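Undergrad: First, the structure itself, so that you have it in front of you.
The values are calculated or read from the model by the stated rules, or taken from the named source; none is laboratory data. This one's a predicted model, so the numbers in the text were calculated from it and none came from an experiment. Glycine also receives a Cβ, built like all others from the backbone with ideal geometry; neighbour counts cover every protein chain displayed.
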Amino acid sequence: MEEACKLRMLGLSYRQIGERMGCSGKCAFEAVQRGAAEMEKHGRESLQAQRDLELARLDHATTIVMGQVAKLAASNKPNPAAIDQLVRISERRAKLLGLDSAAEVKVQHLMAEQIDSVIAALRGVLDDEAFGRAVSALGGGSAEASDGGDIVH
């Protein structure tokens, strides 16, 4: 598998790989596919191990900073720097885990709908030339004209 993958990365066809390895092109293809699947599996495992290590580091940092925040809270001495560190750690953790991505997609979708609505309204009140200038000024758009015209990009 490893040799077949190396040869494929060098640009050889499956038939050429098979000839070099003493097998058919189909056998070479299957070897490359198995090798690619193994490499993908190991890549996913490596990525997960890196993510787990980063999460462990963030958890440890959170524990340390929370201890600092708790000490200062008990002494009635606020420490904005410690709180800022805690917020940054939490933001990094949320990003690593993808906790914020669903909210970002929803906001992007809502913004696209609002932009499309504005473009459709402009289409209804402007002539073609003025409409074209307005859409260009807005950076394009994707709303259909309210009179059933073409989609503007």
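Undergrad: Which residue is surrounded by the most Cβ atoms within 10 Å (Cβ to Cβ), if the candidates are limited to the stretch 5-31 and must be free of Cβ contacts under 8 Å to residues at least 12 places away in the same chain and aliphatic (A, V, I, L, M)?
TA: Out of the qualifying residues, it is Leu12.
Undergrad: Sticking with this structure for a sec: For the stretch 73-87, which positions are farther than 13 Å from Asp59 by Cβ and surrounded by 12 or more Cβ atoms within 10 Å (Cβ to Cβ)?
TA: Result: Ala73, Asn79, Ala82, Ile83, Gln85.
Undergrad: Something else about it: Go through the stretch 32-56 and report how many residues are surrounded by 13 or more Cβ atoms within 10 Å (Cβ to Cβ) and farther than 30 Å from Ser13 by Cα.
TA: Residues meeting the conditions: 2.
Undergrad: In addition: Are there any pairs with C-beta distances below 6 angstrom linking a residue in the stretch 60-72 that is in the same structural domain as Leu86 (by TED's automatic domain parsing) and without any contact (Cβ under 8 Å) to a residue 40 or more places away in the chain to a residue that is assigned to a helix (DSSP H, G or I) and surrounded by 12 or more Cβ atoms within 10 Å (Cβ to Cβ), with the two at least 6 apart or on different chains, and if so which?
TA: Hits for this filter: Ala61/Ile89; Thr62/Ile89; Val65/Ala82; Val65/Gln85; Val65/Leu86; Gln68/Ala82; Val69/Ala82.
Undergrad: Of the conditions (1) closer than 30 Å to Ala137 by Cβ; (2) more than 20 Å from the chain's Cα centre (by Cα), Glu38 satisfies every one except a single condition; which number is it?
TA: Of (1) closer than 30 Å to Ala137 by Cβ; (2) more than 20 Å from the chain's Cα centre (by Cα), only one is false for Glu38: (1).
Undergrad: Sticking with this structure for a sec: Can you pull out every residue in the stretch 3-16 that is closer than 19 Å to Met39 by Cα, part of a helix (DSSP H, G or I) and not hydroxyl-bearing (Ser, Thr, Tyr)?
TA: Listed by number, the residues that qualify are Glu3, Ala4, Cys5, Lys6, Leu7, Arg8, Met9.
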